[in-house]
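Reading through the structure tokens given below for one structure.
The values are calculated or read from the model by the stated rules, or taken from the named source; none is laboratory data. Every value quoted in this text rests on a predicted model; they were computed, and no experiment measured them. Here the Cβ is made from the backbone with ideal geometry for all residues, glycine too, and neighbour counts use every protein chain on show. Protein only, heavy atoms only, side chains kept; ligands, DNA and RNA dropped before computing areas. Shrake-Rupley method; radii C 1.70, N 1.55, O 1.52, S 1.80 Å.
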Amino acid sequence: MDIVTQSSDLDALFVNKLYRRSMKEFNISRTGNFFAVQSELHLSTSIPHIFCSFEHFRGLLPLECFEVLKESPTVLNLYMLIEGLLMLPYFSQEGLTPKMICEIEETRRQRSWSRISPDFFEHSHPYFKTTLESITKHSKDLISNDESIQRCGTVICPDKIERMSFRLKDLFLTPLSFYFYLEHPKTNHSCDLPGHCGFLLKSRPEMKSGQPFKFTVDLCVDEEEYPNGLHIHPEFVKADKIHLVPLCSTIDGSQYFHASITWNEHGISRAFSDENSFPWWELGMSELDPFMDVFLTAFVTF
């Protein structure tokens, strides 16, 4: 490497560090007391839509559960409501009636929820096909590309290697970071900051008696944590506007495992081996290979 090239690289590194420092100061100034609570939030905010308890709804008749889910303060967005309905075998067999879908549309308007991305209905598990197809067939006011968008994260492993997919077990055993590119509509496509708009999520495993159990996910708002070329608009990108769904590679192709981490207070409820001594995990309603390839997808509402 010649002296000119080396000097140029050093200058670029200096400018990048200076930019990150100035952005951090800028974020503090524009968000007022947001960082005043950083000791509590650790410069991040928790994604609230994972490993939520479904106990309150169990034991209810299907139509009773439908009514309670619509009004429950535990249900924070339209994604959670639909995944809650997917938890009920009755609807997986019968689907939702046009009248029920009209009621969901009214609930969405009353609770000021964003419409959901059409990508949510792609790559669905066959078990959920009847329910999801009844929504896409009869819905007139639940689906929109303008109010929610799907993004697939790139994982940054502890060894700093970046990959699109990862092993399911890694999510429950290893701290990981995921970055997502997202040009938020509220920036009016006029962001003049260098690099790409997006956000960074950080997951941390939660063990139980030394065994994999659950994980937490935080939205990172510390610009210095971000990979080069990526920045967040924290005034627009909020943790409670991000809904996570694992996209798993199976022998039948890529499939969303809806509700597996949303409504699942038990985490990994059972680890066992089959007759060939291959390991399996019971995660929500699914039995999954811990070594299967997974993509972390985020549905972001606006």
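Summarising the label geometry, the points placed 7 Å from Cα in the beta-carbon direction at TRP280 and ARG109 lie 4.6 nm from one another. P(r) tail for the stretch 221-302: Cα pairs beyond 21 Å make up 46% of the total.
Rg over Rh for the stretch 113-202 works out to 1.06, both radii taken from alpha-carbon positions and Rh defined as the Kirkwood radius.
Using 0.36 nm per residue of separation minus the Cα-Cα distance, give me the extension gain between CYS157 and PHE272 in nm, one decimal. Present the calculation step by step, with values, prior to reporting the outcome.
On the way: separation 115, 0.36 × 115 = 41.40 nm, distance 2.66 nm.
That works out to 38.7 nm of additional length.
Taking all protein chains into account, the per residue accessible area for the stretch 170-215 stands at 51 Å² (1.4 Å probe). Listed by chain and number, the lysines whose C-alpha is less than 20 Å from the C-alpha of LYS169, apart from same-chain residues fewer than 8 away, are LYS160, LYS202, LYS208, LYS214. Where the accessible area of the stretch 194-268 is counted over protein heavy atoms with a 1.4 Å probe, how much of it, in %, is carbon and sulfur? That fraction is 48 percent. Here LYS137 is the anchor, and the lysines within straight C-alpha reach of less than 27 Å, apart from those fewer than 8 places off in the same chain, are LYS70, LYS99, LYS129, LYS241.
Tell me which chymotrypsin sites (Phe, Trp or Tyr not before Pro) from the stretch 99-158 have a DSSP coil assignment and no more than 10 other beta carbons within 10 Å of their own.
Working: sites: TRP113, PHE120, PHE121, TYR127, PHE128; in loops: TRP113.
Nothing satisfies the criteria.
I need the calculated FRET efficiency for the pair ASN145 and THR174, taking r as the beta carbon distance and R₀ as 51 Å, to the nearest 0.05.
Working: r = 34 Å, r/R0 = 0.66.
Calculated transfer efficiency: 0.90.
The DSSP beta bridges internal to the stretch 117-247 are antiparallel in roughly 90% of cases. Search the structure for amide H atoms under 5 Å from the amide H of LEU76, placed 1.01 Å from N in the peptide plane, and list their residues when 5 or more places away or on another chain. HN-HN under 5 Å from LEU76: empty list.
Taking the alpha carbon gyration tensor of the stretch 59-100, what are the square roots of 5 times its eigenvalues, largest first, to the nearest whole Å? Could you put the intermediate results ahead of the total?
Values: eigenvalues 51, 26, 20 Å².
Values for the stretch 59-100, descending: 16, 11, 10 Å.
When the convex hull of its Cα atoms is viewed from all sides, the stretch 36-178 shows a mean projected area of 11.3 nm². Here is the list for the stretch 118-148: trypsin sites (Lys or Arg not before Pro) lying in DSSP coil, each with at most 12 other C-beta atoms within 10 angstrom of its C-beta, are LYS140.
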